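To start, the structure itself, in structure tokens.
The values are calculated or read from the model by the stated rules, or taken from the named source; none is laboratory data. All values derive from a computational prediction rather than experimental measurement. So basically every Cβ, Gly included, is an ideal-geometry build from the backbone, and we count neighbours across all protein chains shown. Just the protein is used for accessible areas: all its heavy atoms, side chains included, with ligands, DNA and RNA removed. Shrake-Rupley method; radii C 1.70, N 1.55, O 1.52, S 1.80 Å.
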Amino acid sequence: MNWSYYESILLALMIWREARADGEPGMRAVGHVAMNRSRQDKSSLVRVITLDAQFTSINPPKKTYDPQLDVWPLPLDNSFTDAMTIANVIIGGQSKDPTGGATFYWNPKTSQPGCWYDVNIAKNPAYELTAMIGGHDFHKRLDS
């Protein structure tokens, strides 16, 4: 198996599930969050994306249910083709990070007030809002 291809497919699937409604800018931003975490943690993208409770569209079904977990791109889905291109460009280092180094993101319109992210990241003074792209807000720790 070509693991770099697997990494690209997994990143593209996460990008597509999490941000396809936000078009290319939103998908690229979400992809950079995974890459930023990978660099920060000195860990592979596969580990970062599949780590428990990190990207809800990839989580095991009984952990935190995300309806996107059961959604798969159909053949000839242009938005998945775009996600694959974006994933490859990010992995290849040919994409400027539009998030300002963010390692977290959330969609405040689809999340419940008082959810884990709202309390621990968005309202935590140790984190700063670095960008708002598509429906997502992007944050990073002030000391990173």
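Of the residues Pro73, Pro98, which single one is of a type outside the set (Asp, Glu), outside any helix (DSSP H, G or I), at pLDDT below 95 and surrounded by 15 or more Cβ atoms within 10 Å (Cβ to Cβ)?
Details: Pro98 fails: at pLDDT below 95.
Being of a type outside the set (Asp, Glu), outside any helix (DSSP H, G or I), at pLDDT below 95 and surrounded by 15 or more Cβ atoms within 10 Å (Cβ to Cβ) holds for just one of Pro73, Pro98, which is Pro73.
Looking only at residues in the range 104-144 that are touching a Phe, Trp or Tyr at 6+ places or on another chain (Cβ under 9 Å) and among the β-branched types (Val, Ile, Thr), which one is modelled with the lowest pLDDT? If you could, list the steps in order and put the result at the bottom.
Start the filter on the range 104-144 by keeping residues that are touching a Phe, Trp or Tyr at 6+ places or on another chain (Cβ under 9 Å), which leaves 104-106, 108, 111, 115, 117-118, 120-122, 127, 129-133, 136-142.
Still in the list and also among the β-branched types (Val, Ile, Thr): 121, 130, 133.
Values: Ile121: 93, Thr130: 98, Ile133: 97.
Out of the qualifying residues, it is Ile121.
Could you please find all residues in the range 1-44 being within 18 Å of Lys140 (Cβ to Cβ), polar (S, T, N, Q) and open to solvent by 70 Å² or more (accessible area, probe 1.4 Å)?
Gln40
Results for (1) out of contact with any helix residue (DSSP H, G or I) (no Cβ under 7 Å at 6 or more places or on another chain); (2) touching a residue at least 12 places away in the same chain (Cβ under 8 Å), shown as yes or no for each residue.
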| residue | (1), (2) |
| --- | --- |
| Leu10 | no, yes |
| Leu13 | yes, yes |
| Arg17 | no, yes |
| Glu24 | no, yes |
| Ala34 | no, yes |
| Arg37 | no, yes |
| Gln40 | yes, yes |
| Arg47 | yes, no |
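Can you tell me which condition Arg47 does not meet? The list is (1) within 23 Å of Asn120 (Cα to Cα); (2) at pLDDT below 90; (3) open to solvent by 60 Å² or more (accessible area, probe 1.4 Å), and all the others hold.
(2)
Return the pair list, or none, for Cβ contacts closer than 6 Å from residues in the range 79-94 that are farther than 15 Å from Ile49 by Cβ and touching a residue at least 12 places away in the same chain (Cβ under 8 Å) to residues that are open to solvent by 50 Å² or more (accessible area, probe 1.4 Å) and among the basic types (Lys, Arg), at least 6 apart or on different chains.
Ser79/Arg20
Considering the range 102-141 alone, what residues qualify as being part of a strand (DSSP E or B), in contact with a Gly (Cβ under 9 Å, 6 or more places away or on another chain) and not aliphatic (A, V, I, L, M)?
Answer for the range 102-141, where residues must be part of a strand (DSSP E or B), in contact with a Gly (Cβ under 9 Å, 6 or more places away or on another chain) and not aliphatic (A, V, I, L, M): Glu128, Thr130, His136, Phe138, Lys140.
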